[in-house]
1. Restricting to the stretch A:260-273, give me the number of residues that are part of a loop (DSSP other than H, G, I, E, B), at pLDDT 85 or above and under 11 Å from A:Val102 (Cβ atoms).
2. In the stretch A:90-112, what count of residues is obtained for those that are under 16 Å from A:Ala194 (Cα atoms) and either surrounded by fewer than 16 Cβ atoms within 10 Å (Cβ to Cβ) or of a type in the set (Asp, Glu) (or both)?
3. Hey, does the stretch C:34-49 have a residue that's within 12 Å of chain B (Cβ to nearest Cβ), under 24 Å from C:Ala149 (Cα atoms), crowded, with 16+ Cβ neighbours inside 10 Å and in contact with a Lys or Arg (Cβ under 8 Å, 6 or more places away or on another chain)?
4. Restricting the stretch A:49-73 to residues that are in contact with a Ser or Thr (Cβ under 7 Å, 6 or more places away or on another chain) and of a type in the set (Gly, Ala, Ser), which is nearest to the other protein chains (Cβ to nearest Cβ)?
5. Can you tell me which residue in the stretch B:87-98 is surrounded by the fewest Cβ atoms within 10 Å (Cβ to Cβ), limited to those that are more than 9 Å from every other protein chain (Cβ to nearest Cβ) and not in a helix (DSSP H, G or I)?
6. Can you pull out the residues in the stretch B:139-170 that are away from chain C (no Cβ under 14 Å), surrounded by 21 or more Cβ atoms within 10 Å (Cβ to Cβ) and aliphatic (A, V, I, L, M)?
7. Only one of these is in contact with a Pro (Cβ under 9 Å, 6 or more places away or on another chain), closer than 20 Å to C:Thr190 by Cα, in a helix (DSSP H, G or I) and touching a residue at least 12 places away in the same chain (Cβ under 8 Å): C:Leu54, C:Leu25. Name it.
8. May I ask you to list the residues in the stretch C:198-222 that are touching a strand residue (DSSP E or B) at 6+ places or on another chain (Cβ under 9 Å) and farther than 25 Å from C:Phe17 by Cβ?
Amino acid sequence: MLKTLRRTLLAVFLGALALPALAQERSITVASTTSTEQSGLFGYLLPIFTQASGITVRVVALGTGQALDVGRRGDADVLFVHDRVAETRFVTEGYGGPRHHVMFNDFVLIGPAADPAHIAGLRDTAEALRRIAAAASPFVSRGDRSGTHAAELRLWVQAGVDPVQGRGAWYREVGQGMGPALNAAAAQNAYILADRGTWLAFRNRQELKIVVEGDARLFNQYGVMLVSPQRHPSVKVVDGQRFIDWLISPAGQTAIAGYKINGEQLFFPNATQPEPVS
Amino acid sequence: MNDLGSALTTAASMVTTADPAVVQVVLLSLRVSLTAVAIAALVGLPLGALLAVAQFPGRRVMIVALNALMGLPPVVCGLLVYLLLSRSGPLGPLGLLFTPTAMVIAQAVLIAPILAALARQLLEGMWEEYSEQLRSFGAGPWRAVPTLLWDGRYALLTVLLAGFGRASAEVGAVMIVGGNIDGFTRVMTTAIALETSKGDLPLALALGMVLMAIVLTVNAAAQVLRDSSARWAG
Amino acid sequence: MRAPDTILPLTAEGLGFARNGVDILCDVFLTIEPGAPTLIIGPNGAGKSVLLRLLHGLLDPTAGRIVYAPAPEPRRRQAMVFQRPVLLRRSVLGNALYPLALAGVPRGERDARARAALALVGLEALAGRPARRLSGGEQQRLALARAAALNPDVLFLDEPCASLDPAATRAVEQIVTALAARGTKIVMTTHDLGQARRLAGDVVFLHRGRLLEQTPAEVFFTEPETPEAAAFLQGQLVW
């Protein structure tokens, strides 16, 4: 009995060690944002690309700032992010590019159903933020150098409010991804800026709902670019470029438009369109 | 309460239907953590045994350092390994970042000090008993190391379990060096973190229950083995 | 059977040992010759165990030195059995094999030598049993087998029967006698005068860290030279 047990354990152990390394297929590494991963877009999109190309796409989901850092270090082949300003800097510094528009969605201002700052239904984000600050209503910020965080900070500037003065009181930086930040907002009945995709896929909403949407300033553009093979010879140029070309091709654009949650389209392909002015 | 209930139901259905996605994640978790334990044991156990038997300058410093390293935050460990393995880091040309191998390395680095420190404590007692007899046989500290490791093998199983528990439960290091890539480097803990991010708390909790069940099974099997064998060895 | 070279005679020249500035053993001159067992006796605290450990090399003397007859690898030509046997967490056979492997005995010879040693102490039937589950007497016999397997020139025994019952003591004494007959020099401490009488060829009498007598057994037990030895033999508490 003891012998059998010992042999079984040994077999299980060796079996686990010897599990064949996952097949070494053609693959590229894409550094992207938590919003694209957590909204479920990649889960829908990548199998379509892999089927068409035979290339497996490995997505590391980070904040846009971190994703750009991963690109700078040469640890990814392709970046798929949403912070136009930071992306342009990345390209002009010679770390990669050229940059292509892929798609957009929009940010929404989320808040508790009780709406203590009385902003529900506003279309002017700047005014909404001013009222939140004036009422000192709890506001959760990503605080993680992500694309959403950068967008939020730009909105505060446009509102003429320096939220840092509310730090430690009503302005709460969590330094985490979109999902954890939404969890934090739900727990504290706080306002928060979120991308619509993650919000739609988010399950733990509790009292939260959309309070402000549809403002042109809430536009959220995604871009894609190849990491510079001159800087990092390890970059898989051919397969990486193939992914980028597919994303901005009619086939890729159609696939992006086809991703829906509860019948609602999350991302709007705009590779061929000029970016709307915000 | 509702969430707990639905987590239980989800966990049960994951186990009974052997959901292939879950199975893949579970197998990768086991593979990464068991390999990490094996590698850490190759380094940590002899080191612990040597610290138990040998007297050399710097020994006390090493013991204190090991005990401190037992508390190394996984995130810090992950960050160190990340910087080493990054394309811009010293080991970049190996191209190991965001692979299961990187996760094994990070976990091995994380638990080797734990195995060494616990093994030292355990084997020091055994060495106290053995030392005179072994020296009479002409065995110096170097020769005593394999003897203690072999004679202490059943007790050391507990040490390995502690290492396995720590490795399979940590999320910070594997998240950073593995990248939580779906179907490639996603393990139980990073999957739990992801589902928590998505706000699907019942699913996250269900995955956590599956993880607990696995760790419990491994522990129970090892305990049975240890008890029956220890009774044999006396 | 025994190689003609041996580490005997073994000589202690002015041997001393102090711990924390306290003399435990002082100025011991002593020669261990081949032949019948040498029994080291004396009251508690006389330094018997320390002398044995110094002779075996487990302790380094703080004064004087030990000289072996010129023979290669003197450390490997001696073995020791302790009052409480320290058995490895292995089988009975595994315990007998261990010192042979350490001594560099060729792999092919180890099993036969270990089994022969087990047969000598009557444990061959228990070869596969876990050593630490044996009775106290069996454990000490295994310790003897382990030492005997090495075929030492000298075998040091430190109170080997102190925690054994009379039957186990008798078994150990028989093994000791057999080993001595085989040509192994026995050097043994004991506090049991009856045992000393039964086994001794010569006697070393220690008292308060000093060697007072080294005499043939028949002389020591009938006409001790020193009053301390005489008092010890009469069962008085000497201190």
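1. Counting residues in the stretch A:260-273 that are part of a loop (DSSP other than H, G, I, E, B), at pLDDT 85 or above and under 11 Å from A:Val102 (Cβ atoms) gives 3.
2. 1
3. no
4. A:Ala61
5. Filtering first and then ranking leaves B:Pro90.
6. Answer for the stretch B:139-170, where residues must be away from chain C (no Cβ under 14 Å), surrounded by 21 or more Cβ atoms within 10 Å (Cβ to Cβ) and aliphatic (A, V, I, L, M): B:Val159, B:Leu160, B:Ala167.
7. Matching residue, one of C:Leu54, C:Leu25: C:Leu54.
8. Within the stretch C:198-222, C:Leu199, C:Gly201, C:Pro216, C:Ala217, C:Val219, C:Phe221 qualify.
The values are calculated or read from the model by the stated rules, or taken from the named source; none is laboratory data. These numbers come from a predicted model, not from an experiment. Glycine also receives a Cβ, built like all others from the backbone with ideal geometry; neighbour counts cover every protein chain displayed.
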